[in-house]
Structure formats: structure tokens, C-alpha cells
């Protein structure tokens, strides 16, 4: 089927990035959130990011205006139900995601494809709570969405071939590259990335190195553009912990046990950039390591 209208649930960092790339690719986008302030902030963020693309000659001023014109917002979740494709980009908590899909079900068209931008939760399990598991997939964008080229496509056990092919074509239209992952905890990227970040936190916890030495070692020693602790702050320490818990619970292997120090930072509300403190203190410039 041809996708023309896209509904996005959640106007946070991932949701507004997804809205940006879909609208830029010519899709009509409706973005929903429970907060009008979040929607206003999302539109301002999209405007700013499009402006940077204009400044870098990636797009024209006309492209920017046309893209913004294709994005509308709503605080009413049922209003996005009639979309051809719906992308859930809410908090990484399964209960919240299930509640969103339950509220959407009465308002969907028969052909509507449901997807989740979850970074770790079982697609098969989420799909089983809906009336269309065959039209349900994981649609995992990387952060920041306008820059990162990869999209993970995750098929649940019931996902049919037309749904997969449709989303594969959508990714191509977005100008991105898809990687197909099986529906196992954390899929491909986070199955590899999060244990590395968790091990970096253990390295800090056990006193092997400081925050700055660990990040410097990985940037200069392995040519990573960002150190693992800086990256954890960028992702959000609560998200990192949630994914490690999914890995630990889903695979029952002690190698995925979240580091106690990561848990402690989350308990303190030190979640990284979004809370101004994590492994670095972002209230000062340049950010200062907190350990």
C-alpha cells in the first residue's frame, strides 16, 4: 500500500525528529502529545533544525516552509487514528505503549499500519495487544533522527510481508538505510551498544578510570566520535537503564546486569543532558565530569 499520511505519538526528541524527516520527504504528518508545551517546543525544534539544513545548503528555504506546512499537531490521540501509518515514539515503558495502542484501536482505518519506535521492547508482545498484529512492526530510528542514516525494521512473529515491504520502501523514500532485525531483546544496535556503555559505567564504578579518561580513551583509542559516558548522557541514563533491564530480563544472562552506579544515577534523577546532570554536569560550560 502507499503511505500518504503519518501519525506520530510523542513530540519529544525522537518524535519531533521523526516528524521532521517524514514531512521533509513529502508526507503529511500529524504529531500528538499530551502536552501543548511539548508540541510547541517540538515545532520550534523542527524549525531550528530545518534552518540549520538551509544554512548548510542541504535544503532550500522553500523546502523548509513546505516541510513545516505539512506538519500539524494535536493533543487528541484519536485524531491521528485515520493515518495510513502510525509511529509510537512515547516513553520507553511497555505499559504506556500498550495504553496508547489500546486508545488508538477504535479510530484506525482497516489498512492502518501500527509501528513502535521502541529501542528494546518485544514487538511481538506489543503487537499481540492490538487488533492487527500482522500490520505491526518495530520502526526504530536512531538519534538524532535528521542526521542518523539507519532505521531498524523489526518484524514481530505475525508481521506479514506486505507490511514489511511497505515500510522498507518508506525508509528508502526518507533517504535512509534499513537494517532488518529479528525480534529479540534490544534488536541489533542496542544489543551491541548498551552492554558497551554499561561496561564503561562498570569501569568507572570499579575505579579503573575517571569519566574523562574513559571517554578520552575510547575516542582516541578506538576513533569513536563520542565517548561511551558522554553518549549515555546524550541518550538518557534512564533509557540506558531500561534497555539493560530488558536485556537482563529477556536473555537471563548475568553479563547484561545493569551497573549499580547507573541505577544510582537514575535514582538521583541525574539522567544526562535532559536533566542537566549525568556523568557530566551540563550547568557549566564546558560540561564538567561528575566523578
Determine which single condition residue 199 fails, assuming it passes every other condition in (1) surrounded by fewer than 16 Cβ atoms within 10 Å (Cβ to Cβ); (2) assigned by TED's automatic domain parsing to the domain that holds residue 107; (3) in a helix (DSSP H, G or I).
-> (2)
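Output the residues belonging to region 254-275 that are farther than 17 Å from residue 231 by Cβ and part of a loop (DSSP other than H, G, I, E, B).
First, pick out the residues of region 254-275 that are farther than 17 Å from residue 231 by Cβ: 254-257, 260, 263-264, 267-269.
Selection gives 257, 268, 269.
Kindly indicate whether residue 183 is outside any helix (DSSP H, G or I), crowded, with 16+ Cβ neighbours inside 10 Å and at pLDDT 95 or above.
Values: outside any helix (DSSP H, G or I): yes; crowded, with 16+ Cβ neighbours inside 10 Å: yes; at pLDDT 95 or above: yes.
The answer is yes for residue 183.
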Would you tally the residues in region 276-291 being more than 23 Å from the chain's Cα centre (by Cα) and either part of a loop (DSSP other than H, G, I, E, B) or farther than 14 Å from residue 237 by Cα (or both)?
-> 9
Unique match (being without any contact (Cβ under 8 Å) to a residue 40 or more places away in the chain and under 17 Å from residue 192 (Cβ atoms)) among 285, 281, 253 = 253
Does any residue of region 25-44 turn out to be closer than 26 Å to residue 162 by Cα, out of contact with any helix residue (DSSP H, G or I) (no Cβ under 8 Å at 6 or more places or on another chain), outside the structural domain of residue 271 (by TED's automatic domain parsing) and part of a helix (DSSP H, G or I)?
-> no
Out of region 123-166, which residues are surrounded by 19 or more Cβ atoms within 10 Å (Cβ to Cβ), more than 30 Å from residue 50 (Cα to Cα) and in contact (Cβ under 8 Å) with a residue 60 or more places away in the chain?
-> 123
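The values are calculated or read from the model by the stated rules, or taken from the named source; none is laboratory data. What you see is a predicted model; the values in this text were computed from it and never measured. Glycine also receives a Cβ, built like all others from the backbone with ideal geometry; neighbour counts cover every protein chain displayed.
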